[in-house]
Amino acid sequence: MIWAVILAAGESRRMGTQKLLLPYRETTVVEAIVRTALDSSVDGTIVVLGADKEKVRKTLQSYPVSFAVNKDFRHGMLSSIQAGFESLPGEAGAVVVMLGDQPAVPSEVIDGLVSGYRENGRGIVIPVYGKRRGHPILIEAGYRSEILGLDPDVGLRQLIQSHPEDVLEVEVSSSAVLKDMDSPEDYAAFFGKKSR
């Protein structure tokens, strides 16, 4: 089984407000990402909560997802990845780690990562657009112990650099794998506007 782990624990300091709850199309940023996971070929979805956890949980209460809480969310993204891996069910074979601020990534990108993993057997699958690596990233569950022991100052990059022979790059047609939203300017760019 392949699970999606959505990182939804950040404080959104640069945005100045909780970016996951900002409007996005007919919904919110975090709901758009959850819908992408649910529309994809993954077998289950875990949302990692942290900052504003009750508001985010309430926003997602009608979706068929599980929740994990990252009590150390102030320690950065790796701590949320670790919380997600700790919450995986035993039958999980791989995880698609999805950023909570990439609402434009289509489900076809996730399906491409899953297909690449199943067809090639590599344990780390990364989307590439225009020769640049992006997110989300698929990671085999066998890396769980190593991920739980990673240095927070280096993050997931450490895992990728340690296992270049197990990395598969999958070309995708969506530039959304390179775009996240950290600031009001980033958010405005998702709608083709300049922020005020």
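So the values come out like this:
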quantity: Nitroxide proxy distance, nm - points 7 Å out along Cα→Cβ at residue 86 and residue 133; calculated: 2.6
quantity: Magnitude of the charge dipole, the chain, Cβ model with Lys/Arg +1 and Asp/Glu -1, debye to 20; calculated: 800
quantity: Pairs of lysine residues in the chain - Cα separation under 20 Å, sequence separation of 8 or more or cross-chain; calculated: 13
quantity: For the range 47-196: relative contact order, % (alpha-carbon pairs under 8 angstrom, 6 or more apart); calculated: 23
quantity: Share, in percent, of DSSP beta bridges within the chain that are antiparallel, nearest 5; calculated: 30
quantity: Ordering of 75-81, 52-58 by burial proxy (mean other Cβ atoms within 10 Å per residue, highest first); calculated: 75-81, 52-58
quantity: Helical contribution to [θ] at 222 nm, DSSP H n ≥ 4, -39,500 (n - 2.57), averaged over the chain, rounded to 500; calculated: -8500 deg cm²/dmol
quantity: Förster radius 30 Å - calculated FRET efficiency between residue 26 and residue 173 (Cβ-Cβ, nearest 0.05); calculated: 0.80
quantity: Per-residue SASA entry for residue 181, accessible area with 1.4 Å probe, Å² rounded to 10; calculated: 0
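The values are calculated or read from the model by the stated rules, or taken from the named source; none is laboratory data. Worth saying up front: this structure is predicted, and the values here are computed from it rather than measured. Don't worry about glycine lacking a Cβ; one is built from the backbone with ideal geometry, like all the others, and counts go over all protein chains shown. Accessible surface is based on the protein model in full, side chains and every heavy atom, while ligands, DNA and RNA are left aside. Shrake-Rupley method; radii C 1.70, N 1.55, O 1.52, S 1.80 Å.
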